[in-house]
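See below for the structure under consideration.
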Amino acid sequence: MFKKVLIANRGEIARRIIRTCKRLGIETVAVYSEADAEALHVKEATEAYCIGKPPVAQSYLNIARILEVAKESGAEAVHPGYGLLSENASFAEACEQAGLTFIGPSAGVIASMGSKLEARKTMKAAGVPIVEGVETAVKDAEEALQIAAGIGYPVMLKASAGGGGIGMQLVESEKDLTQAFEGNQKRAASFFGEGTMYLERFIAEAHHIEVQIIVDTHGTIVPLFERECSIQRRNQKVVEEAPSPFISAATRQKMLDASVKAVEHIGYVNAGTIEYLVDDEQNFYFLEMNTRLQVEHPVTEEITGVDLVEAQLIVASGGKLGFTRETINQNGHAIEVRIYAENPTNFFPSPGTISKLALPTGDGVRNECGVYEGGAVTPFYDPMISKLIVWGETREVACERLIKALEAFVIEGIQTNIPMLLKTVSHEAFLAGNTTTKFVEHYYLSQLQK
């Protein structure tokens, strides 16, 4: 096992990784921008180094400076967390060239899954179902119109690079496609450095369901069941749960089998997630693969008892997983909500100083929080500041605990999406397990407009 690990991230995920490393006796190296000098992950790590000014391009995305700190601190490995450099193939390769272990898959695998178009081709070759669409880049709006006419409206216009819903738009008709194509292409180029676009058939009332996989270097492949992540705002997840309340046992088995086939085909190692869209008849289609630890990994940990960060460290150090697909069982139900510093009606970020903070406690309640009372939420980073996770013997118990915990959550000085989350998880449709990707639009935004 490693003696010292550098964490190339910030906020709650950096704290999460530090916690497991401490339990395993591993020293940790935190990196931080000038804006994060007083951040909790900086205080909790064994040692910490400033890597630049607040903008991510000058700090958390500064590969040269991060590698410099790794060398200076004597770190043996780098954990990228999620977001930032976690799916950057160039960073993974730079770590390898610097003699550091990148805690994740190889640079080649990251690159192959980083392009959604290439990933579609790869998964099709692996025998995994994909949504009807194209496997080549759409050159311009004129070609997009021709392709969409063949698929039939509505269609999903998507950027091949990046994620987080950026460069993605539902297009209902021909008259909207030209403007949508040009706008999303520019946005994708601005965020990801390239504006490659493609089209897929739109699946109405879909469920967004993903399978967590962990693979070691000794041939052990373990699918750690599925997570339902359908409740989203701006194509970004806000509520995740495990297991899915929608799919049948037979569909679950098929999805797990397809996911094992996928990782075998690409030679995947470490933790990763295969994401699917599932229609109302439980047909599932490959959406994308996240070659990293997911924001929502705690719900999988709660129902399996597996510490996924520990599993990542074991795999990256060449060790064997201490469990197999046959020995892992689901236990109970877990739900996670993402708490954002944002206006709950228009979802705009709400930076500021937190004047009061009290996290909920109780049976089955877990908090993964990156902020503290008196601390500032700056405009430089993603506005997700905390995650609330609950576990219960049944989904009904988990829902009851979640509602009580959200009601007990105190955060003042900034706006948060807690009011939106409470309305969501208290809604009869959510309690009944009817959680499609249109949930927020149908049951939350529509009520605000009345």
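The values are calculated or read from the model by the stated rules, or taken from the named source; none is laboratory data. Keep in mind it's a predicted model, so treat the numbers as computed, not measured. FYI the Cβ positions are ideal-geometry reconstructions off the backbone, even for glycines, and counts take in every protein chain you see.
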Within region 276-309, the residues that are more than 22 Å from THR324 (Cα to Cα) and either over 13 Å from the mean Cα position of the chain (by Cα) or in the same structural domain as ARG15 (by TED's automatic domain parsing) (or both) are TYR276, LEU277, VAL278, ASP279, ASP280, GLU281, GLN282, ASN283, PHE284, TYR285, PHE286, LEU287
I'd like to check which strands (runs of 3 or more DSSP E) are fully inside region 222-331 and have at least 1 residues that are touching a residue at least 12 places away in the same chain (Cβ under 8 Å) and over 26 Å from LEU402 (Cα atoms).
270-278, 284-290
What residue, among those in region 57-81 that are touching a strand residue (DSSP E or B) at 6+ places or on another chain (Cβ under 8 Å) and in a helix (DSSP H, G or I), is nearest to GLY318 (Cα to Cα)?
ALA70
In region 55-81, residues that are within 26 Å of GLY375 (Cα to Cα) and crowded, with 18+ Cβ neighbours inside 10 Å total 9
Out of all the residues in region 200-221, which are surrounded by 20 or more Cβ atoms within 10 Å (Cβ to Cβ), at pLDDT below 95 and outside any loop (DSSP other than H, G, I, E, B)?
GLU200
Any residue in region 376-398 that is more than 23 Å from the chain's Cα centre (by Cα), within 30 Å of LEU448 (Cα to Cα) and not small (Gly, Ala, Ser)?
yes
Considering each of VAL31, VAL5 in turn, give the residue that is within 23 Å of PRO383 (Cβ to Cβ) and crowded, with 19+ Cβ neighbours inside 10 Å.
VAL31
Would region 178-193 turn up any residue that is hydroxyl-bearing (Ser, Thr, Tyr), surrounded by fewer than 21 Cβ atoms within 10 Å (Cβ to Cβ) and outside any helix (DSSP H, G or I)?
no
Scan VAL390, VAL377 and give me the residue that is under 16 Å from VAL238 (Cβ atoms) and in the same structural domain as ILE213 (by TED's automatic domain parsing).
VAL390
